[in-house]
There are 2 protein chains.
Amino acid sequence: MESSDFIPNLAYDSVIFGFSGDQLKILLMEYHNTGLFALPGGFVKKTENLDDAVRRGLAERTGLTHIYLEQFHTFGNLSRHKPEVMKTILIANGHDPNGPMRWLLDRFISVAYYALIDYRYVIPRPDELSDSCTWYHVDQLPELILDHREIVNKALENLRENLDRKLVGMNLLPEKFTMQELQRVYEAISGTSFRRTSFQRKMLAMEVLIRHEKKYSGKAHKAPYLYSFTRK
Amino acid sequence: MESSDFIPNLAYDSVIFGFSGDQLKILLMEYHNTGLFALPGGFVKKTENLDDAVRRGLAERTGLTHIYLEQFHTFGNLSRHKPEVMKTILIANGHDPNGPMRWLLDRFISVAYYALIDYRYVIPRPDELSDSCTWYHVDQLPELILDHREIVNKALENLRENLDRKLVGMNLLPEKFTMQELQRVYEAISGTSFRRTSFQRKMLAMEVLIRHEKKYSGKAHKAPYLYSFTRK
């Protein structure tokens, strides 16, 4: 990473939400030999769009290129600048903190994004400073560096607000799905459970679902209807 | 403005919404001798929080220090970098575009905020490069430089979404207000008109209003109730 390729003092962080049928998880990196956990992030090249930089980073970490991605906040407090943390990480990785990677000790304003993916399709890949890149249940996150916990909280808040407003849940479901599958997405994201009947009534009242033929399961009388969203 | 005081390549832009009883307006700057209009914006000092930089800029333009302010998006496309526009502005102001203000020609990623104020309390003040700083009706804006029109559109979209969700309208009303005053705020922000009875029914159903004594107007039988919001 050559500092001269990147816009100085600007970073991005990504809260990658993964779901696979029931649990909501977040992808975290662990830095070599430090026990320090962080959100996957990166920097913006002088010659690339901000959004493209984030998509590039996500593709590197997850192998996925068509991801639902939403920018939600830019974090710019002075208190997020803790050069001693990055110094520890550089030293643990055998880098001279006064050497060519010294620019990583600068103050960074970070534009935060969240992504929604089905984690069955992902093989997480660590970057050069980290030795793991693993899914953690959203209720069981380890301590995170800098203000990354605040970034996660704000991402969750936005994701929950966007459940109804932007129907973000559709990004975690196949084209056609059962009401039960939809309910599991809502429950995982909102962190609460709903009564089956009232959930179904609420979703149908929103008038965003199309009902299709029943899903054949062998037991005809129990076969659930399939639904899809009216808009993408 | 010394370039060395500021974080390079980072700016902010502010969409300052003003309201005074009926119309929604936006504060725009006109650059000296150019006919170019822009949103008020500025830069972030290396030693200040991002939010504080924006509050500092708003106080300079409006004289107000306690403003409702919401960050809503960060604009980082390469296409927003148009050095020839800033060059025109510098030359029109008698500055050498290769001189000490040359850094203004760089690429900037801009963090955008919107503010909501009652414009009766404001005496807009232009900055050193502009000769006017004036309110424009939201439906009658002049052409704006760079991507500032897109920034305005996104601000309006966010403001409208936040009308019910965050009750942003309360920032444009006195502590106690009539249902008619509240309706005018909603109509100005949403750009549509509502029927008096259905508006009242909707607002009361939200359970966010406290009803107080009637407003004395001399004609007792027509005096409207006063309301306030249950939460700030």
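The values are calculated or read from the model by the stated rules, or taken from the named source; none is laboratory data. Keep in mind that what you see is a predicted model, and the values were worked out from it rather than measured. So basically every Cβ, Gly included, is an ideal-geometry build from the backbone, and we count neighbours across all protein chains shown. Just so you know, the surface numbers come from the protein's heavy atoms only, side chains and all, with ligands and any DNA or RNA stripped out. Shrake-Rupley method; radii C 1.70, N 1.55, O 1.52, S 1.80 Å.
Kindly identify segment A:173-229 as rounded, prolate or oblate by the Cα gyration tensor criterion: order the square roots of the eigenvalues as a ≥ b ≥ c, call it rounded if a/c is under 1.5, otherwise compare a/b with b/c, prolate if a/b is larger, else oblate. Prolate is the answer for segment A:173-229, as a/c is 1.5 or above and a/b outweighs b/c. I'd like to know which of A:Gln183, A:Ser198, A:Phe229 lies farthest towards the positive end of the charge dipole of segment A:173-229, counting +1 on Cβ of Lys and Arg and -1 on Cβ of Asp and Glu. About the Cα centre, the residue reaching furthest to the positive side is A:Ser198.
By definition, a body whose alpha carbon gyration tensor gives a ≥ b ≥ c is oblate when a/c is 1.5 or more and a/b is not larger than b/c, and the protein assembly as shown fits this oblate description.
Gap in Å between the Cα centre of segment B:118-186 and the Cα centre of segment A:42-88? When both Cα centres are located, 31 Å separates them. The solvent-accessible area of A:Lys222, taken with every protein chain present and a 1.4 Å probe, is close to 140 Å². Computed over chain B with a Gaussian network model linking Cα atoms closer than 10 Å, the most mobile of B:Ile123, B:Ile151, B:Ile16 is B:Ile123.
Would you work out if segment A:3-165 is rounded, prolate or oblate? Take a ≥ b ≥ c from the square roots of the eigenvalues of the alpha-carbon gyration tensor; rounded if a/c is under 1.5, else prolate when a/b is larger than b/c, oblate otherwise. The shape class here is prolate. Spin-label pair A:Tyr136-B:Ile210: with each label point 7 Å from Cα along the Cα-Cβ axis, the two points sit 4.2 nm from one another.
Here segment B:1-123 is assigned +1 on the Cβ of each Lys and Arg and -1 on the Cβ of each Asp and Glu. Its dipole about the Cα centre then comes out at about 180 debye.
What relative contact order, as a whole-number percentage, does segment A:173-229 give when Cα pairs under 8 Å and 6 or more residues apart are counted?
On the way: 52 pairs, mean separation 23.4, N = 57.
Relative contact order of segment A:173-229: 41 percent.
Surface composition of segment A:173-229: carbon plus sulfur atoms hold 51% of the accessible area, using a 1.4 angstrom probe and ignoring ligands, DNA and RNA. Rounded to the nearest 100, the interface formed by chains A and B buries 1800 square angstrom of accessible surface, both chains summed, with a 1.4 Å probe. Take A:Pro224, push a point 7 Å out from Cα through the beta-carbon direction, and compare it with the same point in every other copy: 4.9 nm, smallest first. Inter-copy label distances for A:Asp5: 3.5 nm (label point placed 7 Å from Cα along Cα→Cβ; shortest first).
If you rank A:Tyr136, B:Tyr114 by how much accessible surface each has, with a 1.4 Å probe, what is the order from largest down? Numbers along the way, then the final one.
Working: A:Tyr136 55, B:Tyr114 0 Å².
Ranked list, largest accessible area first: A:Tyr136, B:Tyr114.
Take every Cα pair under 8 Å whose residues are at least 6 apart in sequence, average their separation, divide by the length of segment B:3-165, and the relative contact order is 36 percent. For the pair A:Tyr121 and B:Asp51, label points projected 7 Å from Cα toward Cβ lie 3.7 nm apart. Determine the sum of side-chain charges near B:Ile16: Lys and Arg each +1, Asp and Glu each -1, restricted to other residues whose C-beta is under 13 angstrom from that of B:Ile16. Surrounding charge for B:Ile16 is 0. Note on surface exposure: B:Glu213, A:Glu175 rank A:Glu175, B:Glu213 by accessible area, highest first, 1.4 Å probe. Rounded to the nearest 20 debye, the dipole magnitude of segment B:1-58 is 20 debye, with +1 charges on Lys and Arg beta carbons, -1 on Asp and Glu beta carbons, and the Cα centre as origin. What a 1.4 Å probe finds exposed on segment B:36-169 is 49% carbon and sulfur by accessible area, rounded to a whole percent.
Would you work out the relative contact order for segment A:98-232, in percent, from Cα pairs under 8 angstrom that are 6 or more residues apart?
Working: 84 pairs, mean separation 24.2, N = 135.
Answer for segment A:98-232 is 18 percent.
Rounded to the nearest 20, the Cβ-based charge dipole of chain A about its Cα centre (Lys and Arg +1, Asp and Glu -1) stands at 1340 debye. Compare the Cα positions of B:Phe108, A:Gly35, A:Phe17 along the charge dipole of the protein assembly as shown (+1 at Cβ of Lys, Arg; -1 at Cβ of Asp, Glu; about the Cα centre) and return the one farthest towards the positive end. Most positive-ward Cα: A:Phe17. For the peptide B:104-114, the mean number of other protein chain Cβ atoms found within 10 angstrom of a residue's Cβ is 2. In segment B:16-61, the convex hull through the Cα atoms has an average projected area of 4.4 nm², a quarter of its surface area.
What separates the B:Tyr68 label point from its copies, with the point 7 Å along Cα to Cβ, is 3.0 nm, written shortest first.
For chain A, the mean residue ellipticity at 222 nm estimated from helices alone is -8500 deg cm²/dmol, where every DSSP H run of n ≥ 4 contributes -39500 (n - 2.57) and the total is divided by all residues, rounded to the nearest 500.
Remark: chain B carries 50 Å² of accessible area per residue (probe radius 1.4 Å; ligands, DNA and RNA excluded). Of B:His81, A:His137, B:His148, the order by accessible heavy-atom surface (1.4 Å probe, DNA, RNA and ligands excluded), from most exposed downward, is B:His81, A:His137, B:His148. The angle between the Cα long axis of helix A:148-165 and the main principal axis of chain A comes to about 30°, on a 0 to 90 degree scale.
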